[in-house]
Amino acid sequence: MVFGSFSSLLSYRLPRDLPVGMTRSACPSCHHVLAARDLVPLLGYVFQHGHCRWCQKAISRRYPLMELTCALLFVVAFMAFGASLSGVLFAGLSFALLVVVVSDLETYIIPDTMVILVGVLGILWRWKVVPGFGDAFLGALLGGGLTLGLRALFLLLRRKQGLGLGDVKFIAVAGIWLGFEALPWLLVLGGSFGVVFGMAWQARNRLCRKKRTSRRKLPSYFPFGPALAFALYLLVLIQQRGYPWF
């Protein structure tokens, strides 16, 4: 759960360009610096009854939820791959994808730091677990090149952005993990998840407007990163089952 707490910190600070290291955590409402006991994963939230000890403002549920989710992802990683290098690398991928998902949901930004981490882990994966640097290079080149071309074409025809640069970079590094042969599955699954997620996102926006829970205008577009992250996570797991069509 320590990694879950760190993932929560990264998902909040990285897209907002806040310093990650050498800065004490503080309450986002009253900005009081938190003590060590306040930062104990999950237990800190439980013991404080979900409220800041100083200002009594409610603590966002994102913190305990991310800590629990990260712990579950690590359990899945080591159940699937065992206590091995592949298990460690897949756990690292799971950690990075969790940060990507939450960052994109909250800010519509996929941090470059996490994209680089996914890429580095993918290179190690290709070096030690699934050899094939040529396949990985083609996957990254085709993934990044194809989606960059589609982004430019959409911008030319519609005069608006259809795919963020963060998504393009993410698909490129996902190509390292999957290789060029499995890359179409990333686009198919990611697109399918994106359709479902987009419908849920629009329904949520309509509900918020009806309840008037926020005065600010809700954006009509939705973050595509979570759909891509979920697709990559599933495909890496499926590939290790040895299915020939992947």
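Computed over the chain, relative contact order equals 17 percent, with contacts defined as Cα pairs under 8 Å that lie 6+ residues apart. In the chain, a dipole from Cβ-located charges (positive for Lys and Arg, negative for Asp and Glu) runs towards its positive end, and of 184, 58, 130 it is 58 whose Cα lies farthest in that direction. A full extension of the chain between residue 31 and residue 68 corresponds to an added length of 10.8 nm, given 0.36 nm per residue minus the alpha carbon distance.
Dipole magnitude for the chain: about 1380 debye, using +1 per Lys or Arg Cβ and -1 per Asp or Glu Cβ, origin at the Cα centre. Hydrophobic long helices, here whole DSSP H runs in the chain with Kyte-Doolittle means of at least 1.0 and Cα atoms spread over 18 Å or more along the helix axis, are found at 62-81, 85-107, 112-128, 133-158, 225-239.
Based on the Cβ-Cβ distance of residue 239 and residue 124, what FRET efficiency does E = 1/(1 + (r/R0)^6) give at R0 = 22 Å, to the nearest 0.05? Please report the intermediate quantities before stating the final value.
Working: r = 16 Å, r/R0 = 0.72.
The value I calculate is 0.90.
Lysine pairs in the chain whose alpha-carbon atoms fall under 25 angstrom of each other, counting only those eight or more residues apart or on distinct chains, come to 5.
Per-residue Cβ neighbour counts within 10 Å put 102, 129, 75 in the sequence 75, 129, 102, beginning with the fewest. Neighbour counting of Cβ atoms within 10 Å sorts the residues 112, 17, 104, fewest neighbours leading, into 17, 112, 104.
Each of residue 84 and residue 20 was given a label point 7 Å from its Cα along the Cα-to-Cβ line. The distance between the two points is 2.9 nm. Annotation: the residues 79, 66, sorted from fewest to most other C-beta atoms within 10 Å of their own C-beta, follow the order 79, 66.
Based on every Cα atom in segment 2-239, Rg and the maximum pairwise Cα distance Dmax equal 19.2, 56 Å. Across every pair of non-identical alpha carbons in segment 74-148, the mean reciprocal distance, once inverted, gives a Kirkwood radius of 13.4 Å. Modelled spin labels at residue 204 and residue 156, positioned 7 Å past Cα toward Cβ, are 3.4 nm from each other.
Using just its DSSP H runs of length 4 or more, each adding -39500 (n - 2.57), the chain gives a mean residue ellipticity at 222 nm of -23000 deg cm²/dmol after division by all residues.
None of the figures in this text is laboratory data; all of them are computed from the coordinates on show. Small disclaimer: the values here were computed from a predicted structure and weren't measured. Cβ coordinates were reconstructed from backbone atoms using ideal geometry, including for glycine residues, and neighbour counts include every protein chain displayed.
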